[in-house]
Amino acid sequence: MKKILITGALGQIGSELTVHLRKLYGVENVVATGRRIPKGSSVVEDGIYELVDVEQANEIASAVKKHKIDTIIHLAAMLSATGEKDPVKAWNVNMGGLFNVLEVAREMKCAVFTPSSIAAFGPNSQKVKTPQDDIQRPTTMYGVTKVSGELLCDYYHKRFGVDTRGVRYPGLISYETLPGGGTTDYAVHIYYEALKNKKYNSFIAEGTYMDMMYMPDALEAVVKLMEADPSKLKHRNAFNITAMSFAPEHIAAEIKKHIPEFEMSYDVDPVRQAIAESWPDSLDDSAAREEWGWDPKYDLASMTADMLAKLREKLNIK
Ligand code: NAD
Ligand code: SER
């Protein structure tokens, strides 16, 4: 990666990945893009920023051409819960956007990183330690776009030689930007509520396991995979990666170690609960470990300590 363009750069991942890549590759070599120009955003104000709607192929193409881009990190998407509210829009943004990015990459000879998700699996996938290669029959529009996206990226590599790569992220936990409407969002909101109100009402039920990861590990995955020796990559576009698997009561118990008064209650949202139950409890990430050295640093205890410390500072809570 020498000249990088990031789509959806104002989102949960993009807002941190932009800053991370600017540090590693130089401010002048990372072009962040999004659909709006928010005030006070470091993504917009501390480097190069362009307006790009990924549903408009010409907007992607002109930014890639203008900045002589060699790598596109494609993050613009609609997530699982918002996708279920408007499945047509989710299809158009997720599939239309990816198709446009791949076409521009084919024409302008760029590499492409696209995240897939645990949502690419469904109720008849193996539930625990879901293997790298397993049945994929997801029941959400988000999941349908993620499986289709994995296939489309494989196709562009095989048919046109585009250097496409990607991971299946689990739920991502971070303190910089709030998540954009997913099923795993409870595992971020709980930290804010624990600090502000010392209680949290979870929309996901007790006993519901999902894979999760702290943002620093998610950022490292992009760099490690994109810098990996391509001859070692057998599963280029859909590497299972994970850092931890837990249910709501486990994160609550970990928070209680830092905030003993913290109380958890449940008001389960049937839509997001059904989505969560259709996903794996945990993934087998051995292919990523073997093929490009995936090795996450944070577990539930170390993530919780860091999240609470960073959020205390951000929210100015003693
Ligand atoms: P997000 O919702 O926080 O950010 C996505 C960004 O894309 C938003 O800023 C949104 O405004 C923008 N966007 C939407 N439509 C657009 C369009 N037409 N043109 C340009 N921008 C548009 O999402 P995120 O969490 O940063 O996720 C990024 C990618 O990672 C997505 O593909 C998502 O499926 C994947 N992923 C995320 C998680 C997670 O827990 N955050 C887990 C698995 C996979
Ligand atoms: N965090 C994402 C979601 O819940 C998983 O892809 O939608």
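Report, as a whole number in µm² per second, the diffusion coefficient that Stokes-Einstein gives for the chain at 4 °C and 1.567 mPa s using the Kirkwood radius over alpha carbon pairs. Estimated via Stokes-Einstein, D reaches 65 µm²/s. Take every DSSP beta bridge whose two residues both sit in the chain; close to 10 percent of them are antiparallel.
So which of K129/K310; K224/K297; K127/K232; K2/K66 end up more than 24 Å apart by C-alpha?
K129/K310; K127/K232
Scanning the chain for DSSP H helices at least 18 Å long along the axis (C-alpha atoms) with a Kyte-Doolittle mean no lower than -1.0 picks out 141-160, 300-315.
Residues whose amide H falls under 5 Å from that of M244, counting only those 5 or more places apart or on a different chain, are M212, with hydrogens built in the peptide plane.
Once C-alpha pairs closer than 8 Å and six or more residues apart are averaged by separation and normalised to the residue number of the chain, the relative contact order reads 18 percent. Packing here is the average count of other Cβ atoms within 10 Å per residue, and on that basis the peptides 84-95, 35-46, 158-169, highest first, run 158-169, 84-95, 35-46. Per-residue ellipticity at 222 nm, computed for the chain from helices alone with -39500 (n - 2.57) per DSSP H run of at least four residues, works out to -12500 deg cm²/dmol.
Per residue, the solvent-accessible area of the chain (1.4 Å probe, heavy atoms of protein chains only, all protein chains present) comes to 43 Å². Name the GluC sites (Glu not before Pro) in region 192-225 that are in a loop by DSSP and that have at most 14 other C-beta atoms within 10 Å, would you? Those satisfying the criteria are E206. Note: relative contact order over region 39-110, using C-alpha pairs below 8 Å and six or more positions apart, is 38 percent. Rounded if a/c is under 1.5, else prolate if a/b is larger than b/c, else oblate: which is region 39-190, with a ≥ b ≥ c the root eigenvalues of its Cα gyration tensor? In terms of gyration-tensor shape, oblate.
For region 223-284, what does the alpha-carbon gyration tensor say about shape, rounded, prolate or oblate, given a ≥ b ≥ c as the root eigenvalues, a/c under 1.5 as rounded, and a/b over b/c as prolate? Verdict is oblate for region 223-284.
Could you tell me which of rounded, prolate or oblate describes region 14-68, using a ≥ b ≥ c as the square roots of the eigenvalues of the alpha-carbon gyration tensor, with rounded for a/c under 1.5 and, failing that, prolate when a/b is larger than b/c and oblate otherwise? It comes out oblate by the Cα gyration axes.
Between region 165-208 and region 224-263, the C-alpha centres lie 12 angstrom from each other.
Scanning residues 5 or more positions from S202 or on other chains, those with amide H under 5 Å from its amide H are S265, Y266, D267, with H placed 1.01 Å from N in the peptide plane.
Highest GNM mean-square fluctuation among H20, H258, H189, for the chain modelled with Cα contacts below 10 Å: H258. I need to check one value: relative contact order of region 125-280, counting alpha carbon pairs closer than 8 Å and at least 6 residues apart, in percent. That works out to 34 percent.
Quick check on packing: order 47-54, 145-152, 6-13, 250-257 by the mean number of other C-beta atoms within 10 Å, highest mean leading. Each step should come with its number before you reach the end.
On the way: 47-54: 19.8, 145-152: 21.9, 6-13: 25.8, 250-257: 17.8.
Ranking the peptides 47-54, 145-152, 6-13, 250-257 by packing returns 6-13, 145-152, 47-54, 250-257.
The values are calculated or read from the model by the stated rules, or taken from the named source; none is laboratory data. Since this is a predicted model, take the numbers as computed values, not measurements. We place every Cβ from the backbone using ideal geometry, glycine too, and count neighbours over all the protein chains shown. Side chains are part of the model used for accessible areas, which takes the heavy atoms of the whole protein and leaves out ligands, DNA and RNA. Shrake-Rupley method; radii C 1.70, N 1.55, O 1.52, S 1.80 Å.
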